[in-house]
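Below you'll find the structure, written out as structure tokens, and then a few comments.
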Protein chains: 2
Amino acid sequence: MKPEKESSEKNISTEEKIKSAARIVFHQKGFAAARTRDIAEEAGINLALLNYYFRSKEKLFNIVMLETFQDFFSSIFSVFNDVDTSLEEKIEKFASNYIDLLFREPEIPLFIVNEIRNNVGELMDKINIRNSVFNSEFVKQYNKAIKEGRIRNLSFQHFMMNFMGLLIFPFIAKPLFKEINGLSDVQFNKVIEERKQLIPVWLKSIMTV
Amino acid sequence: MKPEKESSEKNISTEEKIKSAARIVFHQKGFAAARTRDIAEEAGINLALLNYYFRSKEKLFNIVMLETFQDFFSSIFSVFNDVDTSLEEKIEKFASNYIDLLFREPEIPLFIVNEIRNNVGELMDKINIRNSVFNSEFVKQYNKAIKEGRIRNLSFQHFMMNFMGLLIFPFIAKPLFKEINGLSDVQFNKVIEERKQLIPVWLKSIMTV
DNA sequence: AATTTTTTTAATCATTTGATTAACCAAATA
DNA sequence: TATTTGGTTAATCAAATGATTAAAAAAATT
């Protein structure tokens, strides 16, 4: 009666349908505001199938959350651990790639920071971002550049906050920025597109002040 | 039977008790996850009183939301419209004041960016941030400085995104930053405290690149 | 003090919502 | 083809939750 085997046979179809529907709805509304019926409707399946495949709303949510995290952070580290690029190149590439990612999935940052509050420990351990960050090629290059006096002695914490803040915050506060500046979606995107080039320049000037 | 008169008599006591409890709970959990029973318990009152004074959860929420907005943005404009300070001084003062505000009420930014998605238009009109921003002394000084060539010709949109991003994002992503950098609350606050000084310096260097 | 009005409470209602069940269907297997 | 296994559905359940009600208590008014 119960589907215990890992991704067996062809029921992957409906199972995957539910999961990607859940992804959409959870990202959009968060855990509390998302109803299992919303997800079922989005997936075009009977409500009972959600529980049949995933046992509970919470279990489904945890899966979506974990996968979202992994997707989101793995895309970061692919750039950060490239051994063939300089620090400056990594910053440029990362800014560009990250903004493209945010164009594709603009709700993810808000989703992550929201649901991390109710979770924190358990989830973070599974991914172990801490080590991934500090063992990355990027951090090594960053520290080397400081030691060689090429950039200012600014703690990596500040650098990370700045980089993330400049990149992500406009997406998080998009409705606010649009309203305040009277921008259409197209105009907003154009402003963000400009930031692909600008943020690396700004970061460089910050690091050499 | 119904309390129609505006803030009459002394029922301000319980009415205010409910409202500030609602503020706490809504800020912490958002509209969907907050239960009226949570609010009643937080306020130490009978559940029915919530509906007696505020008709519905939604009406109560709208009041909290509006007041939160007004508080939050009024504290911005008090600095922005001071005619006795220079552009540079305003930036310094604003960074400092705003970070203090965020220390006191760290959940507000996330609350605002979350709940604004379901509201935007109606609410923004009531406050009319758009005009408040563009008629502010700060923007006038900003544009003047550009015209005089004292700072780079950077659109105010970018400047605002940068300023807000550098200030607010660390609070929004606090659990993430704490985890990644292995910081205690005290250590995190110390890093933020440093940013009071640093952000104005960074902004200046960005604007003169 | 008596009466009216306002505030508070416990009990209850109605709806929403996550989850289950039993019957039915479909596909694989024998 | 018959049988078993897995997938799907409609109906239903139970708990949670926003809201109401009627009675009691407290406060204000006469």
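Overview of values
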read-out: Percent of C-alpha pairs per 5 Å bin, chain B, short to long; value: 1, 6, 13, 15, 16, 14, 12, 9, 6, 4, 2, 1, 0, 0
read-out: Averaged over A:153-163, number of beta-carbon atoms from partner chains that fall within 10 Å; value: 5
read-out: Nm distances between copies for B:Q70, ranked from closest, using label points 7 Å along Cα→Cβ; value: 4.9
read-out: Across A:K140/B:K174; A:K19/A:K196; B:K17/B:K140; A:K90/A:K190; A:K140/B:K178, pairs whose alpha-carbon gap is larger than 30 Å; value: A:K19/A:K196; B:K17/B:K140
read-out: For A:E148, inter-copy label distances in nm, listed shortest first [label point 7 Å out on the Cα-Cβ vector]; value: 4.1
read-out: For chain A, the longest site-free run once trypsin sites (Lys or Arg not before Pro) in DSSP loop states with at most 16 other Cβ atoms within 10 Å are removed; value: A:56-149
read-out: Surrounding net charge for B:I172, when Lys and Arg each add one and Asp and Glu each subtract one, Cβ distance under 12 Å; value: +1
read-out: Exam field: A:Q187 pseudo-label spacings to other copies (7 Å along Cα-Cβ), nanometres; value: 4.5
read-out: Neighbour net charge for A:V191 - beta-carbon separation under 13 angstrom, K R +1, D E -1; value: +2
read-out: Residue exposure sequence - A:L102, B:L47, B:L60 - by fewest surrounding Cβ within 10 Å; value: B:L47, A:L102, B:L60
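Each value in this text was obtained by applying a stated rule to the coordinates, not by laboratory testing. These numbers were taken from a predicted model, which means no experiment stands behind them. Cβ atoms come from the backbone with ideal geometry, glycine included; neighbour counts cover every protein chain shown.
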